[in-house]
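Written below as C-alpha cells is the structure these notes are about.
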Amino acid sequence: MAGRIVIDLFMTLDGVAQGPGGIDEDPSGGFEFSGWQAGYPSSGVGPQVQQGMQRLDALLLGRRTYDIFAGYWPNHTDGPSGEIGRLFDRVPKYVASRDADIALEWQHSSRVGGDLAAEIAELRTRHDEVHVIGSVDFAHSLIAGGLFDELNLWVYPILLGPGKKVFDDGAVPSVLRLIEPPVADDAGVLLLRYARTDQVPRVDTFED
C-alpha cells in the first residue's frame with residue numbers, strides 16, 4: 001500500500017495560516033500577527049499534535065518552515081517538547097525548493113522540487129506517512145495539485161483579516177471528506193480532519 005501525505009496546519013477562523021508559531025516567523029507582505037497561535041492558550045492542541053505524529057516517518061517542508069525547524073528542534077530534544085524534537089531530528093526531511101544549490105545542514109535532509117508530482121510518488125514508496133507541517137505556500141501547491149491524502153486543520157476562534165490563507169484564490173474546486181467528528185478543547189480550538197476525494201462540487205439548477 002502506498003504511503004500517505006498528511007498536511008497539518010494551524011489556522012484562524014477566517015482562514016489565516018501565516019506565521020502561527022513565533023513573532024518573527026513570517027512577516028512577509030507586511031503581516032503583523034506572527035506568533036498568534038503561541039499567544040493563545042489551548043490545552044488540547046499539544047496532545048492532539050503528539051497523537052497525530054505517532055505514525056510520522058518523514059517530514060516534507062517548505063523552505064521557510066524548514067529553516068525555522070532546523071534552527072529550533074535540534075536544540076530541543078529534551079524537556080517537555082523533547083519527544084517531538086527527537087522525532088524530527090531522526091526522520092528524513094524533504095525540503096521543497098527550486099534552488100538546486102540549497103545548503104541543508106540538518107541531518108537526514110534532502111531537497112525535492114524538480115518534478116514535485118513524481119517526487120511525491122517516490123516518497124509514497126519509501127514512507128508510510130509523510131507530514132507537511134506549516135509551509136502554507138507549499139501546502140497551496142499540494143492542495144491545488146491533489147498531492148495529499150489528509151488535511152488536518154487546527155482552527156482557532158480568532159480573526160486576523162489579512163494574511164496567507166489556507167485556501168487561496170488558486171484553490172481547485174474539490175470535495176473533502178470529514179474523517180472523524182470535530183474535536184474541540186476548552187479554549188474553543190477545533191481539530192478538523194479531512195481526507196481528499198476525487199469529487200468536484202456539484203451545482204444543481206432549479207427551474208420554475
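What to note about this one:
- Taking first residues from the range 95-120 that are crowded, with 16+ Cβ neighbours inside 10 Å and partners that are in a strand (DSSP E or B) and of a type in the set (F, W, Y), the Cβ contacts under 6 Å between residues at least 6 apart in sequence or on separate chains come to V112/Y94.
- Failed criterion for L61 (all others in (1) of a type outside the set (D, E, K, R); (2) buried (at least 18 other Cβ atoms within 10 Å of the Cβ); (3) not in a strand (DSSP E or B) hold): (3)
- Matching residues, the range 61-78, being of a type in the set (D, E, K, R) and at pLDDT 95 or above: none
- Of the residues examined, A58 is one that is among the small types (G, A, S), more than 21 Å from D186 (Cα to Cα) and either modelled with pLDDT of 95 or more or under 14 Å from the mean Cα position of the chain (by Cα) (or both).
- The one condition in (1) modelled with pLDDT of 90 or more; (2) within 30 Å of L176 (Cβ to Cβ) that R98 fails to fulfil: (1)
- Residue within the range 32-42 that is at positive phi, surrounded by fewer than 20 Cβ atoms within 10 Å (Cβ to Cβ) and not in a helix (DSSP H, G or I) present: yes
- Taken over the range 1-23, the residue count meeting the criterion of being touching a Gly at 6+ places or on another chain (Cβ under 8 Å) and in a loop (DSSP other than H, G, I, E, B) is 8.
- Top-ranked residue of the range 126-153 - restricted to ones that are acidic (D, E) and within 23 Å of V45 (Cα to Cα), ranked as most open to solvent (accessible area, probe 1.4 Å): D137
- Looking only at residues in the range 1-27 that are of a type outside the set (D, E) and without any contact (Cβ under 8 Å) to a residue 60 or more places away in the chain, the one that is most open to solvent (accessible area, probe 1.4 Å) is M1.
- Number of the condition not met by I68 [criteria: (1) closer than 21 Å to L192 by Cα; (2) open to solvent by 50 Å² or more (accessible area, probe 1.4 Å); (3) assigned to a helix (DSSP H, G or I)]: (1)
- Odd one out for V49 among (1) of a type in the set (A, V, I, L, M); (2) closer than 30 Å to D186 by Cα; (3) at pLDDT 90 or above; (4) out of contact with any Gly (no Cβ under 9 Å at 6 or more places or on another chain): (3)
- Looking only at residues in the range 166-197 that are touching a residue at least 40 places away in the same chain (Cβ under 8 Å), open to solvent by 60 Å² or more (accessible area, probe 1.4 Å) and out of contact with any strand residue (DSSP E or B) (no Cβ under 6 Å at 6 or more places or on another chain), the one that is farthest from W154 (Cα to Cα) is R196.
The values are calculated or read from the model by the stated rules, or taken from the named source; none is laboratory data. All figures in this text were calculated on a predicted structure; none of them were measured in a lab. For neighbour counting, all protein chains shown are included, and Cβ atoms are generated from backbone atoms with ideal geometry for every residue, glycine included. What goes into the accessible areas is simple: the full protein's heavy atoms, side chains included, and nothing from ligands, DNA or RNA. Shrake-Rupley method; radii C 1.70, N 1.55, O 1.52, S 1.80 Å.
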